[in-house]
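The structure appears below as structure tokens.
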Amino acid sequence: MGENEASLPNTALQGKKMAYQKVNADQRAPGHSQYLDNDDLQATALDLEWDMEKELEEPGFDQFQLDSAENQNLEHAETADLNLDSIQPATSPKGRFQRLQEESDYITHYARSAPKSNPCNFCRLLKIFCTAIILFIFGILIGYYAHKNCPSNATSSGTLDLQLYQEILKTIQAEDIKKSFRNLIQLYKSEDDMEISKKIKIQWTSLGLEDVQFVNYSVLLNLPGPAPSSVTLSSSGQCFHPDGQPCSEEARKHSSQDLLYSYAAYSAKGTLKAEVIDVSYGNADDLKRIKKMKNVTNRIALLKLGRLPLLYKLSLLEKAGFGGVLLYIDPCDLPKTTNLSYDTFMVSLNPGGDPSTPGYPSIDGSFRQNRSNLTSLLVQPVSASLIAKLISSPKATTTNNACTPLELPNNEERIVNMQIQTVTKFKTVTNVVGYLKGLTSPDRYILVGSRHHTAYSYNGQEWASSTAIITAFIRALMLRVKRGWRPDRTIVFCSWGGTAFGNIGSYEWGEDFKKVLQRNVVAYVSLHSPIRGNSSLYSVASPSLQQLVAEKNNFNCSRRGQCPETNVSSVQMQDDADYFINHLGIPTVRFSYEDSQLSEGPSFLFEALFPKHTTKIEELDPFFNLHETITKLSGEVILQIANEPVLPFNALDIALEVQNSLKGDQPNTPQLLAPASRLRESTELFQSDEMRPANDPKERAPIRVRMLNDILQDMEKSFLVQHAPPGFYRNILYHLDGKTSQFSILLEAWEHCKSLASNETLQEALSEVLNSINAAQVYFKAGLDVFESILVGKN
């Protein structure tokens, strides 16, 4: 026996016993005992009775045990591998002692051939009695342990799996992640991401990961121009760079990378001189109020980032007639400990993928559209210090612990000249993809996604944290694989490129393999931004995965001794998971540490990508304990999804999420309550009639489990709407933020309806939601009907 075979875990052996018992059980006719139908056991019982008769008639009874043993060895050589654990005492054939007790003429019949010597008869009867007692006790013991072990093979399999997971995860150490992180930081010297991609591929291959490969796409990137953008005040003639520093010839010649990369990718470029109009956060109410006061055509909007998706707000400004946008973050929206007044940032106006091939992959021969800019607006991100100079205010002020937001007075006019220079070119974006093939369901995939840098490094060193964490998990996993273990389903590890420009790498790969992914992917686990703070663990998960995530959070906090309220929600996020959530309807989960004060502020501030010096990972997590926690939490979820016979998804939670999304004072939602109620009824039946038996290994049938998993992995696809406002998720199970529970497209339609006389937009949104709920209810009902027809066919 080889080293790998010798080290196979006990769980694999137990799994084989369970599978052997189940196959035998399925082949019998309904209503018959699994033990009485066993021909070998019946033959054994007849042989024992025949031996009994023979020994009672013959005087040499002392040889009974030897003869019996020899007969059994000869007659049952072919059944030496019989699983004794399946023998139950309640249904076993009658033992010898029971036969002697219950059938009085049994002894009488054979007593005639016995010698008449009283001492001899007494000795023989005593031997018979003692032998029967021993056999009876032996049978009781076999039956007891068979009854005890049969269900425990089922129930303990989960415990054994958890033990296996812990054995894998305990090899993950914070110090190893720290070393990997520092190696990645030191490696980063070039703007070309091929260097880091090669390093990742070499490292993953050396760890034993199978079929690690580059997947390259030539895509259209919008990069900074040769000189930084500028904003000039017409009243004074003063020129400022986006960070608020005065323009100078020396600054232009020696401009830092931070200044060059303070821009909006895929914005229109050129020069615009116009009046600045403060639109606050730029929602529908703000624009309705301002349009009553001023002419906004070809004006420059002063816009705060946050509260709503940037692409949505820009679409409103473009529709209103604005010509340009100065985008900034109000210091009052940030934690008091955060000072970003002079920090510039980048945003991407790309909704996802290569702009030159919208909706299809950027492979050789694809038609390329000329889309150097994705909006007619000139958009320039600037620092809060520049806005303070623009409005002649000493930045945001704090009075009595209350922050005063930046605001341009309505009665004052500010005219500025904004100049934006960018360059559009085709460049190669590289993804690194590696596979760990599954053992029993290799055609079912769990995607695990991290990211590496592209060109200038934004959001500090988060990409290095992401890469170090996925590499640490691969290392721990492959140590176990080398000892002979494999997951049931295939795990696909992905390191994405082009994330900062609109998740380009993940979008192009998703579009390239769309047909395969639609059919085979069961879940996506994101490691996009694992460390964004250090005060609270924040989890984002699809409704079907929230229960699993909450269990892992609670287990983790119980080990650490700190158990705050579990923070799990289904909200939009800036992540490479975007394509898989919104175009494929794949259940997704992400763990991250964040600043609790930042999460309490306005949503969508994460759309700003700050330069590398703003986030120091080693200051947030000096001992890398948070990295270790994220790796283990994510790893346990990956292992459970990859190994559980039944996918650990909860159908009922989707129906409950739908009902919760219809609560509140929104008008016209009563028409959705009845379909939502029917959906809940169907999922409750599905949960009780199909998922509960499938999770009990005593009732589990492989074919039914496979059918059940196919239904579970496609549950969210019913909630992908055809039309969603710019920046909004097409998957309506995800909310705009943690503060709102209503369907986001209904909220937007209601706000739109209030500003217009027509309610056509609202009716369209209601129809989209209604069709989604109805499609999901029909989907579950069809699944129940299929299972019911199978049962009828078997009976």
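The values are calculated or read from the model by the stated rules, or taken from the named source; none is laboratory data. Just so we're clear, the structure is a prediction, and the values are computed from it rather than from any experiment. All Cβ positions, glycine included, derive from the backbone under ideal geometry; neighbour counts span all protein chains shown. For the accessible areas, the whole protein counts, side chains as well, though only heavy atoms, and no ligand, DNA or RNA atoms are used. Shrake-Rupley method; radii C 1.70, N 1.55, O 1.52, S 1.80 Å.
List every residue whose amide H lies under 5 Å from the amide H of Thr404, counting only residues 5 or more places away in sequence or on a different chain, with H placed 1.01 Å from N in the peptide plane.
Here the answer is Thr397, Thr398, Thr399, since their amide H atoms fall under 5 Å of that of Thr404.
Tell me, what % of the accessible area of the range 249-347 is carbon and sulfur with a 1.4 angstrom probe?
Numbers: 1890 of 4010 Å².
Carbon-and-sulfur percentage of accessible area, whole number: 47.
To the nearest 20 Debye, how big is the dipole of the range 652-792 about its Cα centre, given +1 on the beta carbon of each Lys and Arg and -1 on that of each Asp and Glu?
About 180 debye.
For Asp689 and Ser758 in the same chain, what is the full-extension length gain: residue separation times 0.36 nm, less their Cα-Cα distance, in nm? If you can, show how the numbers build up before the last one.
On the way: separation 69, 0.36 × 69 = 24.84 nm, distance 4.59 nm.
Here the answer is 20.3 nm.
Give the carbon-plus-sulfur fraction of the accessible surface of the range 652-792 in %, rounded to a whole number; probe 1.4 Å, heavy atoms of protein chains only. Could you put the intermediate results ahead of the total?
Details: 3520 of 6370 Å².
Here carbon and sulfur together make up 55 percent of the probe-accessible area.
Using θ = phi - 60° and the Karplus form 6.51 cos²θ - 1.76 cosθ + 1.60, what ³J(HN,Hα) does each residue of the range 700-711 get, whole Hz, x for Gly and Pro?
7, 10, x, 5, 5, 5, 4, 4, 4, 5, 4, 5
Each residue of the range 677-682 in order: what ³J(HN,Hα) in whole Hz does its phi give by Karplus 6.51 cos²θ - 1.76 cosθ + 1.60, θ = phi - 60°, with x for Gly and Pro?
5, 5, 4, 5, 4, 5
Structure shown: which of Lys198/Lys269; Lys336/Lys389; Lys199/Lys552; Lys201/Lys313 lie over 28 Å apart, alpha-carbon to alpha-carbon?
Details: Lys198/Lys269 35 Å; Lys336/Lys389 21 Å; Lys199/Lys552 32 Å; Lys201/Lys313 40 Å.
Over 28 Å apart, Cα to Cα: Lys198/Lys269; Lys199/Lys552; Lys201/Lys313.
Write down the accessible area per residue of the range 330-442 in Å², having rolled a 1.4 Å probe over the full set of protein chains.
Details: 5330 Å² over 113 residues.
Accessible area per residue, the range 330-442: 47 Å².
So if we plug the beta-carbon distance of Ser236 and Lys294 into 1/(1 + (r/R0)^6) with R0 = 22 Å, what FRET efficiency do we get, rounded to 0.05? Before the final figure, lay out the partial values.
Details: r = 23 Å, r/R0 = 1.03.
Calculated transfer efficiency: 0.45.
Within 10 Å, count the other beta carbons around each residue, average over each peptide in 497-509, 407-419, 439-451, and list them highest first. Before the final figure, lay out the partial values.
Details: 497-509: 28.2, 407-419: 15.1, 439-451: 21.4.
Peptide ranking by packing, descending: 497-509, 439-451, 407-419.
Accessible area per residue, 1.4 Å probe, Å², for the range 652-792: what's the number? Could you put the intermediate results ahead of the total?
Values: 6370 Å² over 141 residues.
That works out to 45 Å² per residue.
Could you calculate the contour length gain from Glu413 to Lys170, that is, 0.36 nm times the residue separation minus the distance between their Cα atoms, to one decimal place in nm? Write down the numbers at each step before the final one.
Working: separation 243, 0.36 × 243 = 87.48 nm, distance 6.32 nm.
Length gained, Glu413 through Lys170: 81.2 nm.
Note down the nm distance, to one decimal, between modelled labels 7 Å out along Cα→Cβ at Ile134 and at Glu699.
Here the modelled spin labels are 4.4 nm apart.
Suppose R0 equals 35 Å. What FRET efficiency, 1/(1 + (r/R0)^6) with r the Cβ-Cβ distance, do Ser677 and Ser376 give to the nearest 0.05? Intermediate results must be reported in sequence, preceding the final value.
Values: r = 45 Å, r/R0 = 1.30.
Result of the calculation: an efficiency of 0.15.
What residues qualify as long-range amide H neighbours of Ile531, i.e. H under 5 Å apart, gap of 5 or more or another chain, H built at 1.01 Å from N?
For Ile531, the qualifying residues are Tyr593.
From a point 7 Å beyond the Cα of Arg368 in the direction of its Cβ, which residues of the range 217-231 have a backbone N at a distance under 20 Å?
Residues 217-225 fall inside that zone.
Kindly write out, for the range 321-328 in residue order, the coupling ³J(HN,Hα) from the Karplus curve 6.51 cos²θ - 1.76 cosθ + 1.60 (θ = phi - 60°), rounded to whole Hz, with x marking Gly and Pro.
x, 5, x, x, 9, 9, 9, 8
Would you mind checking which residues have amide H under 5 Å from Thr588's amide H? H placed 1.01 Å from N; only 5 or more apart, or other chain.
Tyr524, Ser542
Taking R0 as 41 Å, what FRET efficiency do you get between Ser248 and Ser315 from their Cβ-Cβ distance, rounded to the nearest 0.05?
It comes out at approximately 0.65.
What is the gain in length, in nm to one decimal, between Asp488 and Ala402 on full extension, counting 0.36 nm per residue of separation less the C-alpha to C-alpha distance? Show your work: numbers first, answer last.
Values: separation 86, 0.36 × 86 = 30.96 nm, distance 5.55 nm.
In short, 25.4 nm is gained.
Students often get this wrong: which residues of the range 566-610 have the backbone nitrogen under 12 Å from the point 7 angstrom along Cα-to-C-beta of Thr740?
Only 572, 603-604 pass the distance filter.
Net charge around Val778, counting only other residues with Cβ within less than 11 Å of its Cβ (Lys, Arg = +1; Asp, Glu = -1)? The partial results should precede the final answer.
Values: positive: Arg678, Lys781; negative: Asp785.
Net local charge, Val778 excluded: +1.
Just the accessible area for Lys199, please: 1.4 Å probe, Å², rounded to the nearest 10?
80 Å²
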